[in-house]
Amino acid sequence: MGTWSEESIGDLSGKRAIVTGANSGVGYYTAKVLAQHGADVVMACRDQERSKKPFDEICEVSTGTVVLRQLDLADLDSVSEFADGCRTDFTSLDFLVNNAGIMGGPQRTTAQGFELQMGTNHLGHFALTNRLWPLLAATDSARVVSLSSLAARDGRLSAAMTRETLVDPSPYSTFKVYSNTKQATLLFAQELHRRSQKAGSGVASLAAHPGVSSTGLFNRQLRERHLGALVPIVGTLGRITLASPRASANPSIRAVTDSTIGSGEFVGPSQLGQFRGKPEVMKVVREGSDPATAARLWDLSEEITGEPFTP
């Protein structure tokens, strides 16, 4: 597929993108690069106060329009309100980047009582994508890019999973659940690809993963494991071995903008065991490619969120 760089993106004027979690990390740089290349960007963020500074920074370099809208993926009512507002205000949607996510912490629940990591990372994005589908389907060559992780390899979802597996896992292991959420993201992207094709839609569904970046999320994970003393050391080593937050956004950016990469593909860093490097098409890991598991996850997600896929 040739060598890709940011210069390969070209002019995105007239394109509209929604990026969840666009106020920090990979989401911030994804939104910023799209805006710099002319796209009209909706920054979909939970905390509006914390998002003001990133919003202003992106506006300063944007050649398209940038708007900030409130979206709490851990509240399906907020998801519905956000999506309905977009469907009222817009007639098309070229790019939906399902980027936002949380990792670790004690067991908590969403507004609807679902386990928080799965509720945010997978169920919220599942409901959002289905709600925004009319806009995507009305747009030529629209793309949905969902952000997974190397942790998907450790996911243990299967075709025998139950509702409780997703919304009330017991016994609770925060990092096992996180791995399941990132496996779910891959399974969702693959199943959306299959259902979109079956419906004869031109909407492409892809997944990406950022590699490993020494971001605030990574450092918080160390502190939650009572390893906060390692943060300065990891910071030093990270500058050598880990990708910068800006570089970690490149797989998402390429998946969004490179039309030579087709629906169903998976984009990630190409070096150091996929920790860092140029974004390339990767083989979808076994845990994220089983059609039976993906179909079961989809059916349960529709039941849990009350958001059926209507192509």
Rough spin-label spacing in nm, given labels placed 7 Å along Cα→Cβ, for Arg156 and Arg194: 2.4 nm
If you count only protein heavy atoms and use a 1.4 Å probe, how large is the accessible surface of Leu116, to the nearest 10 Å²? 30 Å²
Within the stretch 150-191, find all residues whose amide N lies under 15 Å from a label point positioned 7 Å from the Cα of Arg286 along Cα-to-beta-carbon. 152-159
What distance in nm separates the two pseudo spin-label positions at Glu302 and Thr109, each 7 Å out from Cα along the beta-carbon direction? 2.6 nm
The local net charge around Gly288, scoring Lys/Arg +1 and Asp/Glu -1 for residues other than Gly288 whose Cβ lies under 14 Å from its Cβ, equals +2
Cα extents of the stretch 49-202 along the principal axes, largest first, in whole Å, come to 48, 41, 28
Between Glu7 and Asp89, what FRET efficiency comes out of the Förster formula 1/(1 + (r/R0)^6) with R0 = 30 Å and r the beta carbon distance, rounded to 0.05? 0.40
Can you report the principal axis dimensions of the chain using only the alpha carbons, biggest first, rounded to whole angstrom? 48, 46, 40
Loop-resident chymotrypsin sites (Phe, Trp or Tyr not before Pro) in the stretch 102-198 with no more than 12 other Cβ atoms inside 10 Å, DSSP not H/G/I/E/B, are Tyr172
C-alpha center-to-center spacing [the stretch 9-58, the stretch 61-122] in angstrom: 13 Å
1.4 Å probe accessible area per residue over the chain, in Å²: 42 Å²
Once you have the Cα-Cα distance between Lys53 and Glu81, take 0.36 nm times their residue separation minus that, and quote the gain in nm to one decimal. 7.7 nm
Would you mind finding the longest exposed-site-free stretch of the chain, with exposed trypsin sites (Lys or Arg not before Pro) meaning DSSP loop and at most 14 other Cβ atoms within 10 Å? 1-107
By DSSP, what percent of the beta bridges with both residues in the chain are antiparallel, rounded to the nearest 5? 20 percent
Between the modelled labels at Asp168 and Lys278 (7 Å from Cα along Cα→Cβ) the distance in nm is 5.1 nm
Rounded to the nearest 500, what is the chain's calculated 222 nm mean residue ellipticity when only DSSP H runs of at least 4 contribute -39500 (n - 2.57) each, over all residues? -13000 deg cm²/dmol
The stretch 30-88, accessible surface, carbon-and-sulfur percent (1.4 angstrom probe): 43 percent
Once you have a ≥ b ≥ c as the square roots of the Cα gyration tensor eigenvalues for the stretch 36-91, tell me rounded if a/c is under 1.5, and otherwise prolate or oblate according to whether a/b is larger than b/c. oblate
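The values are calculated or read from the model by the stated rules, or taken from the named source; none is laboratory data. As the structure is a prediction and not an experimental result, all values here were calculated from the model. FYI the Cβ positions are ideal-geometry reconstructions off the backbone, even for glycines, and counts take in every protein chain you see. Just so you know, the surface numbers come from the protein's heavy atoms only, side chains and all, with ligands and any DNA or RNA stripped out. Shrake-Rupley method; radii C 1.70, N 1.55, O 1.52, S 1.80 Å.
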